[in-house]
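Inspection log for the structure reproduced underneath, given as structure tokens.
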Amino acid sequence: MWMKRIGAKTASAAAAACLGLAVPPSAAAPLAGDFDGNGAVDASDETWLRAVYGARRSEPASPYDPAADLDANDVIDYRDAALYGAAFGSVGGDVDVSPPAVFVTLNDIPDDMNDLLVVPPDGFRITLHLDAAGGSVLDPATLTVTCSQAVGPYPPGAELGSQFSVTPTRAVWEVPTGSDLARTTHEITVWVQDAAGNDATETFGFAVRDFAFGPPLENLNTFFLDFDQDRSLSPEIDFIEDLREYGLSSAATPALETQMRDRLVAEIVARVYPFFDRGPDGSPGVDPVHVAFSAALPAGAHSRVCVGGQSSLGPSFLGATTLDPNNANETTDECASSGNGIFPQALDNLWSGNPEFQAAFSPLDPGLGGTPVGEHPDDAAVMAPNFDPATASAAELARHLEIENAVDAFAQAIAGVTAHEVGHALGLVAHGDAPGGLFGGLSGGRRDHNVTAGADATPAENFLMNAGGSFTFQELTGRGGESLPVFRPLNWAYLRNRVALNVQVTGLFPPPVVDAVEPNPVVFPDPFTGVPVTIRGADFLNDPVPPTVSLVIEGDPTPNPIQNVTWVDAETLVGTVQPALVAPGLYDLRFVNSDGQRIERVDFVEVAGP
């Protein structure tokens, strides 16, 4: 069985040692400004500084290289140029002999989750993370990438590095649509060099298979967020009851209540979209998920999720939807179950003691001593369409800020929960390890949610599909210095149709080879008697079942299976060709190993009648 990663880093130091040359010890710290690692700060270093000048760490596409960021402020600017100038002429530093580091993966999936990845025949991303590792700056122009199998028009072993978008810290290539990679094991080899000539090599293996039922998010998935239901059978619709619960509206002022309801519905819908890399109006971002949201009944096919009230499962349930692996059902009605939906009244049950929660809602929440929107003497003014904070009184401005703070907290919290529950409805988080699952938990509160590889624990990162009970109010809403939650890379790859769930693939086995079918031609002695055949080759699997072998003739795409295929050993199969299934002619041979690897031999078997 092939391993995920084969190969090792190499360096000019290792080559020198093999030649019996003296190798200077690695410096504890290179000379500041010695970007090419030659032991001196000289004119040659200016070329490297110019290549990365102006780059910022915060801009992934920029040529930022931390080895050139002399003051470590995440931008390469005049300060670094000044430090280089101050060090110009320094000599006597150690020559850099430390190799850079390369991490190869697919779709930015981290090392603890990429041991066995299955991707579709196109559309996935090969992502390389490059690191100068404390040595000289990286030389992106040296990047070389090859693959053991053909990638679209590029044959096995062809140089692919020019297809990548490359910076000194990262390189990415999205395999183009229509590349139609072979459904087998692939191996990528990456080589890169730094300015001192030290090099690193890394190899990564992965499997390619078709989606079992098509890409899970091939179609636009539309979600109707229904804010107008009264599932609690109270005097008012559930969502209005929620607003009153937190002082965001009051029955005493119906017009302002309607205004707040409409605003908050629009805010929630607008804030759900960015979780899926779309603008507040649903416009696509750089890498958008194929989803749409509407607070009005959509005209076409859609799923429905009710927003409002309290869950029948208990007051602490903030949301629930049914996990739909591979997004098999694109038109679910989550409102049909009283336990499913988004339940804003749980916010108070979960976080009433949280300081950020109290700061957001106590000025409005009557239960916390606040004054609901519509009952404060300044509300008519601050809620007016022509309200201008620049000309408002101090009291009006203070009230305006109280309302805006509560609106922001409420809308962001409900939007985050909605995005989480929509994630479940789209297939997150499929149970078990990849490739059969997406590292989704199997039991307890972590069931259907993210767990860590090998430990079945909730990730420390603020990932959107972590178990609901693991979030603080700050983590859910991006308050208190926290960033908003995001989908972790494996989940994002699933949402973008860049990984394929597959329970057949249990290891990265070599591609099977079929060398011969004996006898060939296959000659039927009569119209009723089958002919035993032996199939010879290499890397035939027998776990859990033997391979399937079929004959396909031009003009008829229906495969004609060879009957009773039996595994003898990794190089031999036996079976029977039946005249009732296979007419005389020249056939392609289609071979599918038990792990789904598929090969075809064109015009490979001749069949003749009696």
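The values are calculated or read from the model by the stated rules, or taken from the named source; none is laboratory data. Remember, it's a predicted structure, so these values are computed and weren't measured experimentally. Positions of Cβ are generated from backbone atoms using ideal geometry, with glycine treated the same way; all protein chains shown enter the neighbour counts. Keep in mind that these areas ignore ligands, DNA and RNA; they rest on the heavy atoms of the full protein, side chains included. Shrake-Rupley method; radii C 1.70, N 1.55, O 1.52, S 1.80 Å.
Considered as a group, the residues in region 465-486 that are without any contact (Cβ under 8 Å) to a residue 24 or more places away in the chain and surrounded by fewer than 16 Cβ atoms within 10 Å (Cβ to Cβ) include one that is farthest from residue 344 (Cα to Cα), and that residue is 481. Taking the numbered list (1) open to solvent by less than 20 Å² (accessible area, probe 1.4 Å); (2) farther than 30 Å from residue 329 by Cα; (3) β-branched (Val, Ile, Thr) in turn, residue 208 passes all entries but (2). Quick check on region 553-573: of everything there that is among the β-branched types (Val, Ile, Thr) and crowded, with 16+ Cβ neighbours inside 10 Å, which residue is nearest to residue 605 (Cα to Cα)? Top of the filtered list is 553.
When the residues of region 283-297 are narrowed to those that are in a loop (DSSP other than H, G, I, E, B) and within 18 Å of residue 262 (Cβ to Cβ), which ends up most open to solvent (accessible area, probe 1.4 Å)? Step through it out loud before you land on a result.
The first filter runs over region 283-297 and keeps only residues in a loop (DSSP other than H, G, I, E, B), leaving 283, 285-290, 295-297.
Retained after the next criterion (residues that are within 18 Å of residue 262 (Cβ to Cβ)): 295-297.
Numbers: 295: 36, 296: 59, 297: 125 Å².
Result: 297.
Cβ separations smaller than 6 Å between residues 6+ apart or across chains give the following pairs from region 593-610 residues that are touching a residue at least 12 places away in the same chain (Cβ under 8 Å) to residues that are open to solvent by less than 30 Å² (accessible area, probe 1.4 Å) and among the polar types (S, T, N, Q): 597/184.
For region 212-254, a tally of residues being open to solvent by less than 20 Å² (accessible area, probe 1.4 Å) and within 26 Å of residue 358 (Cβ to Cβ) returns 11. Would you check if residue 499 is outside any strand (DSSP E or B), open to solvent by 30 Å² or more (accessible area, probe 1.4 Å) and on the phi < 0 side of the Ramachandran plot? No; evaluated as a whole, the condition is false for this residue. Scanning region 144-154 turns up one or more residues that are in contact with a Leu (Cβ under 8 Å, 6 or more places away or on another chain), among the aliphatic types (A, V, I, L, M) and within 22 Å of residue 61 (Cβ to Cβ).
Per-residue answers, yes or no, for (1) under 16 Å from residue 265 (Cβ atoms); (2) modelled with pLDDT of 95 or more; (3) in contact with a Gly (Cβ under 8 Å, 6 or more places away or on another chain):
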site: 283; (1), (2), (3): no, yes, no
site: 303; (1), (2), (3): no, yes, no
site: 313; (1), (2), (3): no, no, yes
site: 324; (1), (2), (3): no, yes, yes
site: 327; (1), (2), (3): no, yes, yes
site: 332; (1), (2), (3): no, yes, no
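Please state which one of 568, 503, 523, 552 is β-branched (Val, Ile, Thr) and more than 30 Å from residue 118 (Cα to Cα).
Details: 568 fails: more than 30 Å from residue 118 (Cα to Cα); 503 fails: more than 30 Å from residue 118 (Cα to Cα); 552 fails: more than 30 Å from residue 118 (Cα to Cα).
Selected residue: 523, the only one of 568, 503, 523, 552 that is β-branched (Val, Ile, Thr) and more than 30 Å from residue 118 (Cα to Cα).
Condition test on residue 313, is it closer than 30 Å to residue 480 by Cβ, open to solvent by 20 Å² or more (accessible area, probe 1.4 Å) and assigned to a loop (DSSP other than H, G, I, E, B)?
yes
Check region 395-418 and report whether any residue there is part of a loop (DSSP other than H, G, I, E, B) and open to solvent by 20 Å² or more (accessible area, probe 1.4 Å). Looking through region 395-418, none of the residues is part of a loop (DSSP other than H, G, I, E, B) and open to solvent by 20 Å² or more (accessible area, probe 1.4 Å).
Here's a check for you: in region 183-205, which residue that is of a type in the set (A, V, I, L, M, F, W, C) and open to solvent by 30 Å² or more (accessible area, probe 1.4 Å) is farthest from residue 130 (Cα to Cα)? Break it down stepwise before answering.
The first filter runs over region 183-205 and keeps only residues of a type in the set (A, V, I, L, M, F, W, C), leaving 188, 190-192, 195-196, 200, 204.
Right, trim to open to solvent by 30 Å² or more (accessible area, probe 1.4 Å) and you get 191, 196.
Numbers: 191: 10, 196: 15 Å.
Checking each candidate, the answer is 196.
Within region 355-365, is there a residue that is outside any loop (DSSP other than H, G, I, E, B) and modelled with pLDDT under 95? Give the steps one after another, and end with the answer.
Let us first name the residues in region 355-365 that are outside any loop (DSSP other than H, G, I, E, B), namely 355-361.
So of that shortlist, the ones also modelled with pLDDT under 95 come out as none.
No.
Residue 374 falls short on exactly one of the conditions (1) modelled with pLDDT of 95 or more; (2) open to solvent by 30 Å² or more (accessible area, probe 1.4 Å); (3) at positive phi; (4) of a type outside the set (Val, Ile, Thr), and that condition is (2). Listed by position, the strands (runs of 3 or more DSSP E) contained in region 62-157 that have at least 2 residues being of a type outside the set (A, V, I, L, M) and open to solvent by 10 Å² or more (accessible area, probe 1.4 Å) are 125-131, 138-147. Residue count for region 165-182, restricted to those that are at pLDDT 95 or above, assigned to a loop (DSSP other than H, G, I, E, B) and surrounded by 22 or more Cβ atoms within 10 Å (Cβ to Cβ): 1.
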